[in-house]
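What follows is one structure encoded as structure tokens, with my remarks underneath.
What follows draws every value from the coordinates through simple rules; no lab data is involved. Model, not experiment: these values are computed from the prediction. Neighbour counts are summed over all protein chains in view; Cβ atoms, including those assigned to glycine, are modelled from backbone coordinates with ideal geometry.
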Amino acid sequence: MTNSRFDANYFARYYGEQPVRTMNEVGHLATAVHEMVAWWGGSIRSVLEVGAGPGDWSAWYRTMHPDVRVTSTDVSEHACEQFGHELRDIAEWAPSQPYDLVICMDVLQYLDDRAAARALRNLTMATRTVMYFDALTAFDAKHTVDRSTTDLNAHLRSGNWYHERLARGFMHAGAGLWVRKGGGIVLHELERTRR
């Protein structure tokens with residue numbers, strides 16, 4: 001269940017002095033996601049951050065929206081001890097109750113195809129309304145990321161691999177936002193991406 005790969009050295013490398021993302025950057029993204037859900041008429045009363053790492057999203061919600069119930073999980077014993085997450089593997093675990101917002105950012109590229117497919121099913125079950133999802137793809141590894149600061153030791157799949165599986169339970173609204181089918185939010189035609 002736990003993964004020793006994501007130890008103190010890993011966190012020092014990717015979240016130390018020059019983190020992959022700053023708290024300020026995460027704050028801008030979290031604000032945008034929270035406000036888009038409000039724009040669509042939804043409300044966020046509960047948040048699940050999967051593979052939380054340093055827990056930037058959770059920290060943002062606890063600071064900016066202290067009335068929101070926040071749960072953070074990770075497979076790293078180090079991250080759980082350092083940042084207070086629950087030790088969970090999304091490929092093996094789904095919560096008993098869904099959350100209004102689920103965040104899964106840069107997690108699934110570390111899982112093989114079978115485990116990633118199980119994780120996507122569990123993420124779907126975990127999401128009541130909206131999921132923010134991102135994973136490193138083969139295209140990104142070649143064209144969009146800083147290869148000197150990105151962990152490329154991953155399963156680099158196509159974006160279509162993720163889209164096909166996510167489309168079973170979600171409508172893609174773009175910018176990493178996936179709206180749960182039947183989750184109470186109605187998107188206008190041009191708010192959806194086409195595949």
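Relative contact order for segment 8-191 using alpha-carbon pairs under 8 Å, separation at least 6, rounded to a whole percent?
Relative contact order for segment 8-191 comes out at 19 percent.
Calculate, in nm to one decimal, what Thr22 and Leu156 gain on full extension: separation in residues at 0.36 nm each, minus their alpha carbon distance.
45.8 nm
Would you mind pulling out the separation of the Cα centroids of segment 137-195 and segment 28-58, in Å?
16 Å
Please give the residues of segment 160-177, grouped as numeric ranges, whose backbone N is less than 20 Å from a label point set 7 Å along the Cα-to-Cβ vector of Val145.
Residues 160-166, 175-177 qualify, since their backbone N sits under 20 Å from the label point.
In deg cm²/dmol and to the nearest 500, what is the mean residue ellipticity at 222 nm of the chain if only DSSP H runs of at least 4 residues count, each as -39500 (n - 2.57), divided by the residue total?
-10500 deg cm²/dmol
Of the beta bridges DSSP finds with both residues in the chain, what % are antiparallel, to the nearest 5?
Antiparallel: roughly 30 percent of the beta bridges in the chain.
Among Thr22, Thr127, Thr73, which one moves the most in a GNM of the chain with springs linking Cα atoms closer than 10 Å?
Thr22
Between rounded, prolate and oblate, where does segment 101-146 land on the alpha carbon gyration tensor, with a ≥ b ≥ c its root eigenvalues, rounded for a/c under 1.5, else prolate if a/b exceeds b/c?
oblate
With a ≥ b ≥ c the root eigenvalues of the C-alpha gyration tensor of segment 8-191, is it rounded (a/c under 1.5), prolate (a/b larger than b/c) or oblate?
Rounded is the answer for segment 8-191, as its axis ratio a/c remains below 1.5.
Whole-Hz ³J(HN,Hα) for each residue in segment 110-127, computed from phi via Karplus 6.51 cos²θ - 1.76 cosθ + 1.60 with θ = phi - 60°, x for glycine and proline: what do you get?
3J(HN,Hα) across segment 110-127, in whole Hz: 8, 9, 5, 4, 5, 5, 5, 5, 5, 4, 5, 5, 5, 5, 4, 5, 6, 9.
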